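I have placed the structure first, in the form of structure tokens, so that the comments after it can refer back to it.
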Amino acid sequence: MRGKFITLEGMDGAGKSSHIAAILETLQEKGVEVVATREPGGTSLGERLRELLLHEAMHAETETLLMFAARREHIAQVIAPALARGAWVVSDRFTDASFAYQCGGRGVDQSKMEQLEHWVQQGLQPDLTLLFDVPVEVSVARLAAARTPDKFERESAEFFHKIREGYLSRAKAHPTRFRVIDGNRPLETVRAEVIAILQALA
Ligand code: TYD
């Protein structure tokens, strides 16, 4: 039986990284093989592209194309084979991030993004997307307190407002796949909700 494909999304500072370990543990308790991966990245080529994407200035469409180049490799080498053998795949970000950051944040044309999505994914979509949502002020404050920022994390509050809008409109357009999680609550409360959602998955 094909495994399930779960993606984690949210603005920088929304808190998704704080829950990854608990997510993997909850799924492992189901007795399934769990593959944890991330984007951009997930393969050796993808990780090299990640270095460029996170630290090098480039045209917004170049950024988009490199995201999808990394994604094509990620699907071919990691995601599709894992799902085919029945493993569950948890990816820290996937295509919704491209819609939020490159379309929402940078203004890349949505129909171009849809073409890339169709071309690269050939119908593959996550079964479940957990969107960690916080007000922009919260994310900006958390980022200011964190480690050295990458290229995206150095962007303005205005940029993050567009990211948040981008994510929320994606969630609205795909209501059965998305679960929007209010990340502006104590960590334990958020974690309990995430675990409950995953435990309920068949
Ligand atoms: P992130 O997932 O936040 O990793 P870390 O927790 O190590 O900082 O970093 C990835 C960055 O890449 C994030 O700022 C969002 C950005 N990104 C895009 O702009 N488009 C995409 O399609 C993807 C997958 C990520």
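Short-range pairs are left out: with C-alpha atoms under 8 Å and at least six residues apart, the relative contact order of region 106-188 is 48 percent. Selection among SER139, VAL180, GLN122 by position relative to the dipole of the chain gives GLN122 as farthest towards the positive end (Cβ unit charges, Cα centre).
The solvent-accessible area of GLU188, taken with every protein chain present and a 1.4 Å probe, is close to 120 Å². For ARG38, nonlocal amide neighbours, meaning residues 5 or more places apart or on other chains whose placed amide H falls under 5 Å from its own, are ASP92. Helical runs (DSSP H, four residues minimum) scored at -39500 (n - 2.57) apiece and divided by the length of the chain put the mean residue ellipticity at 222 nm at -14000 deg cm²/dmol.
Surface exposure of the chain, expressed per residue as accessible area with a 1.4 Å probe, stands at 48 Å².
Over all other residues within a Cβ to Cβ distance under 13 Å of ARG147, the charged ones net out to -1, with Lys and Arg as +1 and Asp and Glu as -1. Note: relative contact order over region 59-202, using C-alpha pairs below 8 Å and six or more positions apart, is 29 percent. Relative to the 2.2 N^0.38 Å rule of thumb, region 35-137 has a C-alpha radius of gyration ratio of 1.06. Each label point was placed 7 Å from the Cα along the Cα-to-Cβ direction; for LEU168 and MET1 their separation is 3.7 nm. As a length-normalised measure over Cα pairs under 8 Å and 6 or more apart, the relative contact order of region 28-97 settles at 49 percent.
Distance between the 7 Å Cα→Cβ label points at ARG106 and GLN122: 2.6 nm. Per atom type, region 93-202 shows carbon and sulfur on 54% of its accessible surface, probed at 1.4 Å.
Between the C-alpha center of region 159-193 and that of region 104-153 there is a gap of 11 Å.
Quotient of the Cα radius of gyration of the chain and 2.2 N^0.38 Å, N being its number of residues: 0.97. Full extension of the chain between GLU114 and LEU24 gives 29.4 nm of extra length, using 0.36 nm per residue less the Cα-Cα distance.
Counting Lys and Arg as +1 and Asp and Glu as -1 over every other residue whose Cβ lies under 15 Å from the Cβ of LEU168, the net charge comes to +1. Net charge in the neighbourhood of ALA80 (other residues with Cβ under 15 Å of its Cβ; Lys, Arg +1, Asp, Glu -1) is +1. Using a cut-off of under 19 Å, list every residue of region 1-33 whose amide N is near the label point 7 Å from the Cα of ARG147 along the Cα-to-beta-carbon line. Within reach of a label on ARG147, which here means backbone N under 19 Å from a point 7 Å along Cα→Cβ, region 1-33 contributes 10-22.
The values are calculated or read from the model by the stated rules, or taken from the named source; none is laboratory data. Quick caveat, the model's predicted, so the values are computed rather than measured. Don't worry about glycine lacking a Cβ; one is built from the backbone with ideal geometry, like all the others, and counts go over all protein chains shown. Just the protein is used for accessible areas: all its heavy atoms, side chains included, with ligands, DNA and RNA removed. Shrake-Rupley method; radii C 1.70, N 1.55, O 1.52, S 1.80 Å.
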